Structure formats: structure tokens, C-alpha cells
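S.K.: Sending over a structure as C-alpha cells; questions will come in a sec.
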Amino acid sequence: FRGVVWAGYRGVLPDWAQSLKEGQGYQEFFVAEDCLIRFVELTTPKFLNNCKPDFMLNLWENYCPDVEALFYFDPDVVNKCRWGFYEEWVTEGIALCEDGYPELAFNHPRRVGWLKFAKSHGYSCQKTLERVYNAGFIGVKQSQKSVLSLWQKLLETSEAAGHLSLSKAHFDERPKGLHVYPYISDDQDTLNLVLMLTSHPLSTYGPEGMDFGRPGSIMSHAAGGGVTKAWRKPMLRKALGGVPPTLTDKLYYKHAQAPIQLYSRSQFLQKKLALRCSAAIGRFIHRSLGG
């Protein structure tokens, strides 16, 4: 990858982000030749999952108006493929990956509820879909950015109608939203509604695009509110409880020291040792249980 990574953040920047250069509304971190991270502080009261379209539109409007396409990645996604693939992918349509639970029939009550809600606010269905797409990644060309405006608008409309709170984490809202009309509980539900309301073409990868169910070759995503992220996970304790390191955990540590060094040498050695021991314990417990 050569270019700029725009990172929205709230709170304090990580310890590794040193020697920052001040820019126009951002702080710039040099990663390597022709590769920069520009940190943009977010002051929104929204839970950050709910301001993905806001952030992307803000970049196009105020920071990088000339770029042909933007790609959003959740911070718990590890990229596994060459960057050129993404640039080629988005030329075919809005780039998306199916979720870990990818099926939702066109006549499923939740999908019907989403569409009824949209129609009650003046939107019409443009395409019939039966797959669910994960909101942890999206690639959009500038000519398709109306999708982001619609996503933003429907999130705000859902809050105004009392169906969700944009300031709360989606996993706080989900139990209610799953079973109460119109069944909109988070940014992902809203994105999947938007995809039925837009005439722009989609270009989609299966669940393996995020290592859901089976390993793929594109991304690995530690998705879900109940999933402990690699940088927080007590590896040994989890393994002893029957939960070995995931593929995403291993990939995170594979890339944790270069080109950005996240840990001191001693810290990283400790974490790698814990990872290897946890993997070994996981294999033993798995065999002992007859898995």
C-alpha cells in the first residue's frame, strides 16, 4: 500500500504514534516511504460504529476530495491480500463481504420490516437481496457516495423514530432491535437496508472474505461485541477455558511489530510465548474432548 490511511479516533492516541506532524485538522504519522497515517480526532457523541458514513463523507468533503474511492476497515480487521486487489474490486461495484450469518431471505420478517420502515419515509426498494453484508468493511467509488449519505440519513431517521440510539453500542441495542419492529438495531442492519434502496451495483465476497466459517485470502475480522480482541485477550486463560487463539489473533501478532512497532521487544516476546502456549493448550484440550 502506498498512500494515506485516515484513522478516526477518540480519546488519547496510542503510545506508538510518536513524532506527529500537525496538518490541517489532522496529525500525521510517518509509517514508511509513501505511506502515512493521518489521525482525525472525532468529537461526535455517536458510538463510533454509527458514524462510519459520517467519517467517510467528511473525508471526501474536507480532507481528500479528489480520491477516486474510499475503503473503510474496522480496527479489528487484518488485511491479508495485496492492496491492488481492493482497487480492482471496487471498479466492479460497492465492495462488500458477507457476514458470518449471511442468509436473510427476501421475505424474512426482519427484511420486510426494514423495507416497510424505509417506504414509510419515502424510500423505494431497488433490488431484492437475500444475503447479509458485514459493516466492518466497505469500498465505495466517489460516484457511489450517495450510498453513504443514505446510510447516514437512515441511521439518524431510525434514532429519531426511537428504534435505536446512535450514542450506544450496537450490542447494547441488539436484543431489543432483533425482535421489535422494524428490527433495526445497528449500523449493519441499516447498511443492509441501504443496499436494497440503492441502484448502484454491488461486488460481493462470501463470508470467507473475513475468515468467517472458513479461512479465506482477503481479510480476517475479529467481529462481534462479545469477541475479545487480540490486543486485550488473556490468551492463556482463554485457552484453559477451551477457547484457543483464533486465526485473527495469530495474524494480528504476525503484523504487530512491522512496519509499526506496537510493543517493546520484551512485551512482544511475552505475548508471542503466551500465544504459542495457548495454541498448544487449545490443541490438547480439543483432542481430549474428542473434537
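S.K.: What translational diffusion coefficient, in µm²/s and rounded to a whole number, does the Stokes-Einstein relation yield for region 44-210 at 25 °C and a viscosity of 0.890 mPa s, taking the hydrodynamic radius as the Kirkwood radius over Cα pairs?
M.R.: Working: Rh = 16.2 Å.
The Stokes-Einstein estimate is 151 µm²/s.
S.K.: Looking at the chain, what % of its DSSP beta bridges pair antiparallel, to the nearest 5? All intermediate terms of the calculation are to be shown ahead of the outcome.
M.R.: Working: 18 of 29 bridges.
Antiparallel bridges: around 60 percent, rounded to the nearest 5.
S.K.: Can you tell me the FRET efficiency between Thr128 and Glu87 if r is taken as the Cβ-Cβ distance and R0 is 25 Å, rounded to the nearest 0.05? Working shown, then result.
M.R.: Numbers: r = 29 Å, r/R0 = 1.16.
With a Förster radius of 25 Å, E is 0.30.
S.K.: Sorted by packing (mean other beta-carbon atoms within 10 Å per residue), highest first, where do 237-245, 59-67 land? Could the numbers behind the result be given before it?
M.R.: Details: 237-245: 16.3, 59-67: 12.8.
For the peptides 237-245, 59-67, the packing ranking is 237-245, 59-67.
S.K.: Scaled to the compact-protein estimate 2.2 N^0.38 Å, what is the alpha-carbon radius of gyration of region 228-286, rounded to two decimal places? Mind showing how you got there, number by number?
M.R.: Details: Rg = 11.3 Å, N = 59, 2.2 N^0.38 = 10.4 Å.
Dividing the Cα radius of gyration by 2.2 N^0.38 Å gives 1.09.
S.K.: Round to a whole number: what % of the accessible area of the chain belongs to carbon and sulfur, probe 1.4 Å? List each step's numbers first, then the result.
M.R.: Details: 8070 of 15290 Å².
Carbon and sulfur: 53 percent of the exposed surface of the chain.
S.K.: Also, I was wondering about something else. For Leu240, project a label point 7 Å along Cα to C-beta. Then give me every residue of region 259-275 with its amide nitrogen under 14 Å of that point.
M.R.: 274
S.K.: Let me ask something additional. Would you calculate the separation in nanometres between label points at Val112 and Lys229, each defined as 7 Å from the Cα along the Cα-to-beta-carbon direction?
M.R.: Reported label-point gap for Val112 and Lys229 is 3.9 nm.
S.K.: Out of all DSSP beta bridges with both ends in region 53-207, state the antiparallel percent to the nearest 5. Spell out each step's value before the answer.
M.R.: Working: 8 of 12 bridges.
If we restrict to bridges inside region 53-207, about 65 percent are antiparallel.
S.K.: Turning to a different aspect of this structure: Show me the ranking of peptides 136-143, 17-24 by mean Cβ neighbours inside 10 Å, starting with the highest.
M.R.: On the way: 136-143: 19.1, 17-24: 10.5.
Going from most to least packed, we get 136-143, 17-24.
S.K.: Next question, about the same structure. Just to verify a number: FRET efficiency for Ser120 and His179, C-beta to C-beta distance, R0 = 22 Å, to 0.05? The partial results should precede the final answer.
M.R.: Values: r = 19 Å, r/R0 = 0.88.
The value I calculate is 0.70.
S.K.: Explain nothing, just the number: dipole magnitude of the chain about its Cα centre with +1 on each Lys and Arg Cβ and -1 on each Asp and Glu Cβ, in debye rounded to the nearest 20. Can you show the working numbers first?
M.R.: On the way: 34 positive and 29 negative charges, 258 e Å.
In total the dipole reaches around 1240 debye.
S.K.: Further question: Based on the mean of other beta carbon atoms within 10 Å per residue, what is the order of 216-224, 34-42, most packed first? Before the final figure, lay out the partial values.
M.R.: Working: 216-224: 20.0, 34-42: 15.8.
Highest-to-lowest ranking by the protection proxy: 216-224, 34-42.
S.K.: Given a 1.4 angstrom probe, what's the average accessible area per residue across region 78-228, in square angstrom?
M.R.: Values: 6590 Å² over 151 residues.
Heavy-atom accessible area per residue stands at 44 Å².
S.K.: May I ask you to work out the translational diffusion coefficient for the chain at 37 °C, viscosity 0.692 mPa s, via Stokes-Einstein with Rh from the Kirkwood sum over Cα pairs, reported in whole µm²/s?
M.R.: Values: Rh = 20.7 Å.
The calculation lands on 159 µm²/s.
S.K.: Would you mind checking the pairs Lys145/Lys254; Lys80/Lys168; Lys46/Lys229; Lys21/Lys80; Lys229/Lys272 and listing those with alpha carbons more than 25 angstrom apart? Could you put the intermediate results ahead of the total?
M.R.: On the way: Lys145/Lys254 34 Å; Lys80/Lys168 31 Å; Lys46/Lys229 21 Å; Lys21/Lys80 29 Å; Lys229/Lys272 15 Å.
Pairs exceeding the cut-off: Lys145/Lys254; Lys80/Lys168; Lys21/Lys80.
S.K.: Per-residue ellipticity at 222 nm for the chain, helices alone: DSSP H runs ≥ 4 residues times -39500 (n - 2.57), over residue total, nearest 500 deg cm²/dmol? Could you put the intermediate results ahead of the total?
M.R.: Details: 9 runs with 98 residues, N = 291.
That calculation yields -10000 deg cm²/dmol at 222 nm.
S.K.: In addition: For the chain, what are the DSSP H helices with axial Cα length of 24 Å or more and mean Kyte-Doolittle hydropathy of at least 0.5?
M.R.: Sorted by number, there is nothing, because no helix extends far enough and scores high enough.
S.K.: Given labels modelled 7 Å from the Cα in the Cβ direction, how far is it in nm from Val67 to Ser167?
M.R.: It works out to 3.0 nm between the two label points.
The values are calculated or read from the model by the stated rules, or taken from the named source; none is laboratory data. Source: prediction; values computed, not measured. Using ideal geometry, Cβ is built from the backbone for each residue, glycine included, and neighbour counts are taken over all protein chains shown. To get the accessible areas, we keep the full protein, side chains included, count just its heavy atoms, and leave off ligands, DNA and RNA. Shrake-Rupley method; radii C 1.70, N 1.55, O 1.52, S 1.80 Å.
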